[in-house]
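Below is one structure, written out as structure tokens; the observations come after it.
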Amino acid sequence: MHIQKATYLISSPSVENCPKPDKPEYAFIGRSNVGKSSLINTLSNNARLAKTSASPGKTQLINHFLIESIKSANDSSQNQIADRWFLVDLPGYGFAKTSLSSRRRWEQMIENYLRNRENLAQVFVLIDSRHRPQKIDLEFVDKLYLWQLPFSLVFTKSDKENQRTVSKNVKDFMEALKGQMQFLPRHFITSSLKKTGRDKLLNFIAETNEDAIS
């Protein structure tokens, strides 16, 4: 997949305020400081698309971006019909320093969005590959499984730790899921800095788009 254009659309306080659900939609979510904005910018090839911050928890609304893509930049782009799909940046679920009322409001907003957004094609759950399996990540993945939502795991920041540690953390996380679900989800190992996993993620989205449109 080749990204031709990525445009910010709207930030919504609830699922009811989101854009018309007329395109395949891909939501990205993870704990605070997992590298979500950096990954979104790497995927879209736009360093300024999603706002990055040194202070975790800055994303507080449902942020929609419109993506236009073609299957390959090597073919004549003039003869290719662009796919149009939504990329969504969701607030983190391991909220940074904030009030209890704000956390509860965000949690309800996220759940309402995930369970009621009819065009949601895939939820990408971002997990920091530098750390051993965290309870909060496992619990969130379990919720998605119980809600019967389509989801994949994206292990981030693989360049910030040695590969043996990354591989072990990923393996341990997948092993921990075996006791929670019958079939393990698809997973990707990424680095926003080195663009590791970018092509695999985009190709998966392209395949999912084809299934959603057909």
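Exactly one residue out of PRO24, PRO91 is modelled with pLDDT of 85 or more, over 29 Å from SER167 (Cβ atoms) and in contact with a Gly (Cβ under 8 Å, 6 or more places away or on another chain): that is PRO91. Given the criteria modelled with pLDDT under 95 and of a type in the set (Asp, Glu), does GLU118 qualify? No. Of all residues in region 131-156, those that are over 19 Å from ASN112 (Cβ atoms) have Cβ atoms under 6 Å from Cβ atoms of residues that are surrounded by fewer than 15 Cβ atoms within 10 Å (Cβ to Cβ), 6 or more apart or on another chain, in PRO133/ASP172; SER152/ARG186. Out of curiosity, is GLN182 out of contact with any strand residue (DSSP E or B) (no Cβ under 6 Å at 6 or more places or on another chain) and within 17 Å of PHE140 (Cα to Cα)? Yes: the conditions hold for GLN182. Selection of helices (runs of 4 or more DSSP H) fully inside region 115-214 by the criterion of at least 2 residues being of a type in the set (Asp, Glu) and over 18 Å from the mean Cα position of the chain (by Cα) returns 163-177, 198-213. Checking LEU43, LEU9, LEU49 one by one, the residue that is over 17 Å from LEU126 (Cα atoms) and surrounded by 16 or more Cβ atoms within 10 Å (Cβ to Cβ) is LEU49 and no other. Here GLY35 passes the criteria (1) touching a strand residue (DSSP E or B) at 6+ places or on another chain (Cβ under 8 Å); (2) on the phi < 0 side of the Ramachandran plot except the one numbered (2). Working only within region 106-136, note down all residues that are in contact with a Lys or Arg (Cβ under 7 Å, 6 or more places away or on another chain), surrounded by 15 or more Cβ atoms within 10 Å (Cβ to Cβ) and either within 19 Å of THR208 (Cβ to Cβ) or not polar (S, T, N, Q) (or both). Correct list: ASN119, LEU126, ASP128, ARG130. Cβ-Cβ distances below 8 Å connect no pair with a first residue in region 33-44 that is under 16 Å from ARG130 (Cα atoms) and acidic (Asp, Glu), a second residue that is modelled with pLDDT of 95 or more and buried (at least 24 other Cβ atoms within 10 Å of the Cβ), and a separation of six or more residues or different chains.
The values are calculated or read from the model by the stated rules, or taken from the named source; none is laboratory data. The structure displayed is predicted, hence computed values, not measured ones. When we count neighbours, we look across all protein chains shown, and the Cβ atoms used for this are built from the backbone with ideal geometry, even at glycine.
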